[in-house]
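For reference, the structure is listed below as structure tokens.
The values are calculated or read from the model by the stated rules, or taken from the named source; none is laboratory data. This one's a predicted model, so the numbers in the text were calculated from it and none came from an experiment. A quick note on method: Cβ atoms are made from the backbone with ideal geometry, for glycine too, and the neighbour counts reach across all protein chains shown.
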Amino acid sequence: MKTSIILAIAALTCFSAPLRAAEEKSPAIRLIELMDFANTAKAGASASFAPVLQQMKAQGMPDEALKEVTEAADRFFTKTFEDPGIKADLAKVYEGAYTNDEMEELLVFYETPVGKKSLLTMPQIMQESSKVGQKYAMKNQADFQAEMQAIMAKYPRPDAAPAPAPAAE
């Protein structure tokens with residue numbers, strides 16, 4: 001009887017080990033879930049879409065229409081970031097950028113109070129950082145446009161009409 005119990009335990013162990021391994025999630029999937037990717041991405045997308053809504057409102061779109069546009073955008077963001085295939089595709093991105101050990105370290109960090117705070121504040125920080133970047137881009141835009149025009153003048157498009165010759169004096 002003792003032998004049959006040992007054999008039964010051994011058989012259960014052999015058969016349950018592959019099942020447990022299949023249930024374990026990769027570090028990349030665990031990281032994506034811990035980061036609450038879908039909700040974080042939806043919040044970031046909504047924040048990025050807010051200026052579009054403001055522009056629509058400034059152009060006279062009625063509040064009822066803005067509400068419908070907002071709801072349609074929210075449905076779009078939800079459908080996009082909760083798509084069943086997105087986790088697997090994102091996992092490949094993380095696996096290409098980090099080793100499993102590095103992802104395990106990120107998991108440990110994101111479970112700390114500062115890690116949790118960074119996950120919560122990152123969308124807002126990215127949005128505000130984007131505004132700062134836009135401010136400085138606008139500051140330098142005229143110089144860049146002038147430089148681009150000079151470059152384009154040196155290399156006219158082949159399908160463009162030739163520039164008129166300067167008038168003779």
For the condition modelled with pLDDT under 90 and of a type in the set (S, T, N, Q), what is the one hit in Ser26, Ser48?
Ser48
Tell me which helices (runs of 4 or more DSSP H) are completely within segment 44-147 and hold 1 or more residues being in contact with a Leu (Cβ under 9 Å, 6 or more places away or on another chain), in contact (Cβ under 8 Å) with a residue 24 or more places away in the chain and closer than 14 Å to Ile29 by Cα, or say none if there are none.
86-97, 100-110
Check whether at least one residue in segment 82-100 is of a type in the set (Asp, Glu), in contact with a helix residue (DSSP H, G or I) (Cβ under 9 Å, 6 or more places away or on another chain) and at pLDDT 95 or above, and report yes or no.
yes
